[in-house]
Amino acid sequence: MTEQQVGKAQPRAAKGEGATVGVALLGYGTVGAEVFRLLGENRDAFAARIGGPAEIRGVAVSTLDKERPGVPRELLTTDAKALIARDDIDLVVEVIGGIDYPRELVLEALKSGKSVVTANKALVAAHADELADAAEAAGVDLYFEAAVAAAIPVVGMLRRSLAGDQIQRISGIVNGTTNFILDAMESTGASYDDALAEATRLGYAEADPTADVEGHDAASKAAIMASLGFHTRVKFEDVYCEGISSVTADDIKAANEAGYSIKLLAICERIQDESGVESVTARVHPTLVPQEHPLASVSKSFNAIFVEAEAAGSLMFYGNGAGGNPTASAVLGDVVGASRNIVHGGRAPGENTYANLPIADFGQVQTRYHIDMEVPDRTGVLATISNTFAAQGVSIRTVRQEEFGGTARLIVVTHSAREHVLAAIVEQLGNLEDVINVNSVIRLDH
Ligand code: HSE
């Protein structure tokens, strides 16, 4: 449904200066507990910033059997829906995680005229239209700063600070687990499996690391950033996604020797396809980044988002992109914003998808390839390989060769070309008698 089709509700009446904002907290994990603690400990400061106190009037949890130190027993409930429906609740804060159950709760809250703050990237990336429509129809706010890189102010920056500019490109390291693993591989020479084991031991990687290492978490964030940056709905399934599980220690070493670091980048950009049509793309894949680029120096589990805008130029935002405290900071910033509107009236700028640009086919993306091959060490091999590139109109930027007994390792870096052309070349290379194996293909950026 478009904005035009959704009935816009009358702005909700202001509660008035000094009024208390009743908050329902859904979820009491690491983030929920920090939100509860900080809102309670800084009650007066929050009241001053909002224009009235924000009071948590109920905390929905999955079981009452667990100890929740610091939370009065009477605030706890397992009936989230009943809590949301209460007349003394104005604002619902969702920090449960998952998709289906929080979707039900968030929709219920919005439909019953309660503003919502959520930290849930998977929910926002999968159901943004439905949620935005429900918020619009009810005349309430939907805030989700914590959904992208925790306290790094990405959502507010795209929604408000750069609302007067034209964003061309957003590229970022938006997953700390994978950045930790790639950084450990680079700094210690460890294999992927060993670096993942270390990330798990230190608590960066979850017991099931799939969502992080396969790029799904970063893809949700890419969908959100692209939607806000390009005023166009980009959903999770629109994002091309490759994770880091096939990156080897050899790939990292070869990249370093050529002056690059390998990072899992989320890249959102405006492009012109081959017919000249302006469209948008969002993708997540391991990427060679020149070591002098600021994104290459983002180490450990830190996140950074690099934005290129027409008037502002290049901007970079850096910090902790996960964890209880940084995520709670982003949630509480949203709580202040949403509560101010409840007290004083008005709404925050919602998502605006007016540009409605087409989503480009991934094949239309312009990129460069770093192709690592094993080839026989004999006359004419290099000529056959370079002809394969030339026949498709793709220019080679550098070639490096190392001897290994009777075979050679050949690393070709291309100039920029459309993804579908480069992918076709790699397929042809794989079928050449003169190529024993294509060891890896990694894209280059910046
Ligand atoms: N698991 C994510 C990360 C944080 O490693 O950055 C939550 O999106």
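Throughout, read-outs are computed from the coordinates displayed, never taken from laboratory work. Everything numeric here is computed off the predicted structure, so don't read it as measured data. A quick note on method: Cβ atoms are made from the backbone with ideal geometry, for glycine too, and the neighbour counts reach across all protein chains shown.
From the list Glu237, Glu274, the one residue that fits, being among the acidic types (Asp, Glu), away from the ligand (no atom under 13 Å from the Cβ), in a loop (DSSP other than H, G, I, E, B) and surrounded by fewer than 24 Cβ atoms within 10 Å (Cβ to Cβ), is Glu274.
Could you count how many residues in region 424-446 are touching a residue at least 24 places away in the same chain (Cβ under 8 Å) and either closer than 22 Å to Asn256 by Cβ or of a type in the set (D, E, K, R) (or both)? Step through it out loud before you land on a result.
Initially, region 424-446 is screened for residues touching a residue at least 24 places away in the same chain (Cβ under 8 Å), giving 424-426, 428-429, 432, 434-446.
Then keep just the ones that are either closer than 22 Å to Asn256 by Cβ or of a type in the set (D, E, K, R) (or both); that gives 434, 437-446.
Counting residues in region 424-446 that are touching a residue at least 24 places away in the same chain (Cβ under 8 Å) and either closer than 22 Å to Asn256 by Cβ or of a type in the set (D, E, K, R) (or both) gives 11.
Within region 303-313, can one find any residue that is free of Cβ contacts under 8 Å to residues at least 40 places away in the same chain, away from the ligand (no atom under 16 Å from the Cβ) and surrounded by fewer than 17 Cβ atoms within 10 Å (Cβ to Cβ)? Within region 303-313 (the criterion being free of Cβ contacts under 8 Å to residues at least 40 places away in the same chain, away from the ligand (no atom under 16 Å from the Cβ) and surrounded by fewer than 17 Cβ atoms within 10 Å (Cβ to Cβ)), the answer is yes, since at least one residue qualifies. In region 133-146, the residues that are under 16 Å from Arg159 (Cα atoms) form Cβ pairs under 8 Å with partners that are assigned to a helix (DSSP H, G or I) and among the hydroxyl-bearing types (Ser, Thr, Tyr), at six or more places apart or across chains, as follows: Ala146/Thr327. Only one of the numbered conditions (1) within 16 Å of the ligand (Cβ to nearest atom); (2) among the polar types (S, T, N, Q); (3) within 17 Å of the chain's Cα centre (by Cα) is violated by Ser299, and that is (3). Kindly evaluate Ala330 against the criterion of being aliphatic (A, V, I, L, M), part of a helix (DSSP H, G or I), farther than 30 Å from Ser416 by Cα and within 16 Å of the ligand (Cβ to nearest atom). Yes.
Scan Asp90, Asp44, Asp79 and give me the residue that is over 21 Å from His127 (Cβ atoms), in contact with a Lys or Arg (Cβ under 7 Å, 6 or more places away or on another chain) and not small (Gly, Ala, Ser). Give the steps one after another, and end with the answer.
Numbers: Asp44 fails: in contact with a Lys or Arg (Cβ under 7 Å, 6 or more places away or on another chain); Asp79 fails: in contact with a Lys or Arg (Cβ under 7 Å, 6 or more places away or on another chain).
On inspection, the qualifying residue turns out to be Asp90.
If you scan region 167-186, which residues turn out to be of a type in the set (S, T, N, Q) and either in contact with a helix residue (DSSP H, G or I) (Cβ under 6 Å, 6 or more places away or on another chain) or buried (at least 23 other Cβ atoms within 10 Å of the Cβ) (or both)? Ser171, Asn175, Thr177, Thr178, Asn179 - these are the residues of region 167-186 that are of a type in the set (S, T, N, Q) and either in contact with a helix residue (DSSP H, G or I) (Cβ under 6 Å, 6 or more places away or on another chain) or buried (at least 23 other Cβ atoms within 10 Å of the Cβ) (or both). Evaluated against (1) closer than 30 Å to Ala47 by Cα; (2) of a type outside the set (Lys, Arg); (3) assigned to a strand (DSSP E or B), Val336 falls short on exactly one condition, (3). Could you please let me know if Thr118 is surrounded by fewer than 16 Cβ atoms within 10 Å (Cβ to Cβ), in contact (Cβ under 8 Å) with a residue 12 or more places away in the chain and within 16 Å of the ligand (Cβ to nearest atom)? In short, no.
Residues in region 210-228 that are closer than 15 Å to Val174 by Cα and either among the small types (Gly, Ala, Ser) or assigned to a loop (DSSP other than H, G, I, E, B) (or both): how many?
Filtering region 210-228 down to residues closer than 15 Å to Val174 by Cα leaves 211-226.
Next, from what is left, pick out any that are either among the small types (Gly, Ala, Ser) or assigned to a loop (DSSP other than H, G, I, E, B) (or both): 211, 214-215, 218-220, 222-223, 226.
The number of residues fulfilling the criteria is 9.
Within region 248-264, does at least one residue satisfy the condition of being within 24 Å of Thr281 (Cβ to Cβ), away from the ligand (no atom under 12 Å from the Cβ) and within 13 Å of the chain's Cα centre (by Cα)? No, the conditions are met nowhere in region 248-264. Got at least one residue in region 351-361 being surrounded by fewer than 16 Cβ atoms within 10 Å (Cβ to Cβ), aromatic (Phe, Trp, Tyr), in contact (Cβ under 8 Å) with a residue 12 or more places away in the chain and on the phi < 0 side of the Ramachandran plot? Yes, region 351-361 has at least one match. Selection over region 172-209 of residues that are in a helix (DSSP H, G or I), away from the ligand (no atom under 11 Å from the Cβ) and either touching a Pro at 6+ places or on another chain (Cβ under 8 Å) or not basic (Lys, Arg) (or both) gives a count of 15.
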